[in-house]
Amino acid sequence: MPNSPIDRLPPPFDEVIRRHEREIMRFILRTTHDREDALDLFQETWLRAYRAYPKLYDPDGIRPWLYRIATNLCLNRARDRARRKGTIYDSDLAELASNAATDNTHEEVLQLKATVQRLPRKQREAVMMRKFAGLEYEEIAAVLGCSREAARADVYQAMKKIRLAE
C-alpha cells in the first residue's frame, strides 16, 4: 500500500533536529546578532516545534515550518528590542550591499540600512531570508504564508528598491 497514511508520517523528531539544528541556529544567530538571545530563541524554537510536531500534517514542509517558528520568535524579540534601538545591523547590510557593489563606504552602508528599514515588512523579511538564510522561494512562501510567486515578487521588489537607493 504505497500511499497509506503511515507513509506520510513525519520522521522521528530527533532526526529532524539532527537534520536542521545547525541551519536553524545559524539563521537565528544571524538574525539576532546576539549569542545569548540566539541560544534562548533556538531552545524556544525546538520546544515549540516539539509541542506542535504531533500535529504536523505535511512531512515535506518541515524545513519551512521550522523557519516559520524561528522567524516568528525572532520577530517578536526584535519588536521588543526595536523599541530601544535599531533592528538592522551594519554587518548584515554591508553583506547585502556587497552583492551589488564591491567597495562600500560607511555612508553607503548607512544609506542601505535606512533603505532596508523603510521596506515593507514582508519585503524586508523575504529579502533577509533569501539573501542571508538561503531559503528557496517555496520555503519563504511557507514562512510568510503567501504563494511562491508572491515571495519571489517580495524579494524582487526589495532588491529593486535597494538598488535604486544606491
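None of the figures in this text is laboratory data; all of them are computed from the coordinates on show. Remember, predicted model here, so these are calculated numbers, not experimental data. All Cβ positions, even for glycine, are placed from backbone atoms using ideal geometry, and neighbour counts span all protein chains on display.
Residue by residue through the stretch 24-33, which ³J(HN,Hα) values in whole Hz follow from phi under the Karplus form 6.51 cos²θ - 1.76 cosθ + 1.60 (θ = phi - 60°), with glycine and proline marked x?
5, 5, 4, 4, 5, 5, 5, 6, 8, 6
Starting from the Cα of Lys55, draw a straight line to each of the lysines and keep only those under 28 Å, dropping any in the same chain fewer than 8 residues away.
Lys122
Order of Asp60, Asp34 from fewest to most other C-beta atoms within 10 Å?
Asp60, Asp34
Between Arg18 and Ala153, what is the label-to-label distance in nm when each label sits 7 Å out along the Cα-to-Cβ direction?
Here the modelled spin labels are 4.2 nm apart.
What does the extension gain come out to for Glu107 and Asp34, with contour length at 0.36 nm per residue minus their alpha carbon separation?
Value of the extension gain: 23.8 nm.
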